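These notes are about the structure you will find just below.
The values are calculated or read from the model by the stated rules, or taken from the named source; none is laboratory data. Values in this document were obtained by computation on a predicted structure and should not be read as measured data. For neighbour counting, all protein chains shown are included, and Cβ atoms are generated from backbone atoms with ideal geometry for every residue, glycine included.
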Amino acid sequence: MNLLVTNTQAPQSYAIVRALRPHASRIVATYESDRPTGRLAPAANSRLVDRCRPVPSPVVDWHAGRVDAGNTPREEAFLDAVGRICEEERIDVIFPSWDPYVYVLAKNRAFFEARGIAITVPDFETVLTALDKYRTVMAGREAGVPCPATYLYDPELPLDDVIAEIGFPIVLKPRFTSGGHGMAIVADRAALNDALPAVLAAHGPPMIQEYIPGGRRDSMQFVVGRDGAPLFVFHKKRSRTLRRTARFGTVSESAPPDDRLEMLLPLVRRLGWWGAMGIETIRDPRDGAHKLMEINPRFPRQLWNRTELGVNEPLMCVRLARGEPVEPVPGCAPGVLFVNPVEDVQLLALQLVDALVYGFRTRVLRRAPLDGLAAPPPMLDQVRGFARTYRSGRPRLWDPHVRYFLQDPLPAALWWLQFATWMAGGVKQVGR
């Protein structure tokens, strides 16, 4: 196998490289040539990669909501570059693992398959239902999965009626972004009127969605066979993350699939999916229901949780893409802690700042919090919880950037720097 790995700024791409290195004759990694820090993409700088190649980014049109079956000029430039790389490097498998790349490669599958190149994602229409957050909610409702109240904005939408139904705060969520990019949570009509034009200009018509107060986000990960049957299901409990978001999670624990599995399987079958995917839900404390938030048509950034447990999901996906048989994998042992210590220290600092600012705003300035059911834990409790993670004798796995640092130091250093920029961006959430 001669493998091309894209979007190497995303941490899951490093786990893909590590998982497939023993099975690949050659690994080529691409990085975004028009991103100022593109050459610093962590996985592209791994010693496990044979060659790095620059490509134009296909992301801009995706984030702007310009999504259809045709290619934009930027996407054509990306495809031309990838096509040349595949010819020169004799690539026979392409592995995308971030939404914009999944999107643009899925809709151009025929171009690559005609050249004998397998792509590890399903066809375009199947992918689009998962990538489009509004279509995801509609598919969830049809499959009987509870969903937050959701409307698609258009100028004729009676906003006053929507507000009367779902109340504030309200979530403005772009249909075609990932990681919360472009999302806004607005607390009143004035904030809605201020935020809506900017979201429209940057991302196109957003969803207007009910906010779940005090909700706990969770996800279930799948590898699905060509027949729609799950080949592997993975669930974990998040032990530490920044409140109201799952993006900054640094400690989690393996757990058996809970009762959501039976609820989500009809949705998986309805999608016609094969390969890797994750379904994210949020538990609504008002009625106890797990409600559908989004589908991720790819691996999450914590893919390493499973590869370090010995489950080679990337290899399963390659075999599915080639039409080869893939045996089901039983569940993982429960109770294993997954720890990212360098990221965890950064998150603890942000959590302590969050608690400090929250206390000042609510107790001194007497300002109402955005979500009264999602107050940060006391600072001392957070420090004690952090210490328990590293003092306990429970089985745990260290993330690959720490575990293999001496073997492959540059991807680790670059990723920790990138994560620090995420933490800096998270400052705008503190204290609300």
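Listed values, structure above:
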item: Evaluation of Y134 against (1) hydroxyl-bearing (S, T, Y); (2) part of a loop (DSSP other than H, G, I, E, B); (3) farther than 19 Å from A44 by Cβ (one fails), failing number; result: (2)
item: Condition check for D344: in contact with a Phe, Trp or Tyr (Cβ under 8 Å, 6 or more places away or on another chain) and closer than 21 Å to M183 by Cβ; result: no
item: Residue within segment 340-351 that is within 30 Å of L3 (Cβ to Cβ), assigned to a helix (DSSP H, G or I), among the aliphatic types (A, V, I, L, M) and not assigned by TED's automatic domain parsing to the domain that holds V17 present; result: yes
item: Pairs, first touching a residue at least 60 places away in the same chain (Cβ under 8 Å) in segment 367-388, second assigned to a helix (DSSP H, G or I), C-beta under 6 Å, six or more apart; result: P369/T362; P376/D354; P376/A355; P376/Y358; F386/L348
item: Scope segment 187-210; condition closer than 26 Å to P376 by Cβ and buried (at least 21 other Cβ atoms within 10 Å of the Cβ); matching residues; result: Q209
item: Segments classed as helices (runs of 4 or more DSSP H), wholly inside segment 378-432, with at least 3 members that are modelled with pLDDT under 95 and small (G, A, S); result: 409-426
item: Residue list for segment 90-110, filter: closer than 29 Å to Q302 by Cβ and among the charged types (D, E, K, R); result: D92, D99, K107, R109
item: Residue tally, condition without any contact (Cβ under 8 Å) to a residue 12 or more places away in the chain and either hydroxyl-bearing (S, T, Y) or in a loop (DSSP other than H, G, I, E, B) (or both), over segment 152-166; result: 3
item: Complete set of residues in segment 389-432 that are free of Cβ contacts under 8 Å to residues at least 60 places away in the same chain, closer than 15 Å to L337 by Cα and surrounded by 15 or more Cβ atoms within 10 Å (Cβ to Cβ); result: W398
item: Which listed residue is within 30 Å of V171 (Cβ to Cβ), at pLDDT below 90, surrounded by 11 or more Cβ atoms within 10 Å (Cβ to Cβ) and not charged (D, E, K, R), from L373, L352, L348; result: L373
item: Test: residue in segment 353-370 that is farther than 27 Å from D284 by Cα and aromatic (F, W, Y); result: yes
item: Failed condition for G272, given (1) surrounded by fewer than 18 Cβ atoms within 10 Å (Cβ to Cβ); (2) over 19 Å from V102 (Cβ atoms); (3) not acidic (D, E); result: (2)
item: Qualifying residue in segment 229-237 (condition: surrounded by 18 or more Cβ atoms within 10 Å (Cβ to Cβ) and part of a loop (DSSP other than H, G, I, E, B)); result: no
item: Qualifying positions in segment 34-48 - assigned to a loop (DSSP other than H, G, I, E, B), surrounded by fewer than 23 Cβ atoms within 10 Å (Cβ to Cβ) and modelled with pLDDT of 95 or more; result: R47, L48
item: Some residue of segment 89-107 being more than 21 Å from Y134 (Cβ to Cβ) and among the small types (G, A, S); result: yes
item: Residue satisfying condition, being aliphatic (A, V, I, L, M) and at pLDDT below 95, within set V5, V102, V17, V59; result: V59
item: Residue among V93, V104 that is touching a residue at least 12 places away in the same chain (Cβ under 8 Å), touching a Leu at 6+ places or on another chain (Cβ under 7 Å) and surrounded by 19 or more Cβ atoms within 10 Å (Cβ to Cβ); result: V93
item: Odd one out for F176, checked against (1) surrounded by fewer than 17 Cβ atoms within 10 Å (Cβ to Cβ); (2) not assigned by TED's automatic domain parsing to the domain that holds E324; result: (1)
item: Lone qualifier among V67, V55 - being surrounded by 18 or more Cβ atoms within 10 Å (Cβ to Cβ) and either over 20 Å from Q9 (Cα atoms) or outside the structural domain of T8 (by TED's automatic domain parsing) (or both); result: V67
item: Selected residue (criterion: farthest from H290 (Cα to Cα)) from residues of segment 252-264 that are over 20 Å from the mean Cα position of the chain (by Cα) and in a helix (DSSP H, G or I); result: E262
item: Check on G83, closer than 24 Å to T126 by Cα and not in a helix (DSSP H, G or I); result: no
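Every residue, every condition in (1) touching a residue at least 12 places away in the same chain (Cβ under 8 Å); (2) outside the structural domain of P376 (by TED's automatic domain parsing), yes or no:
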{"residue": "D188", "(1), (2)": "yes, yes"}
{"residue": "D194", "(1), (2)": "no, yes"}
{"residue": "A202", "(1), (2)": "yes, yes"}
{"residue": "P206", "(1), (2)": "yes, yes"}
{"residue": "V223", "(1), (2)": "yes, no"}
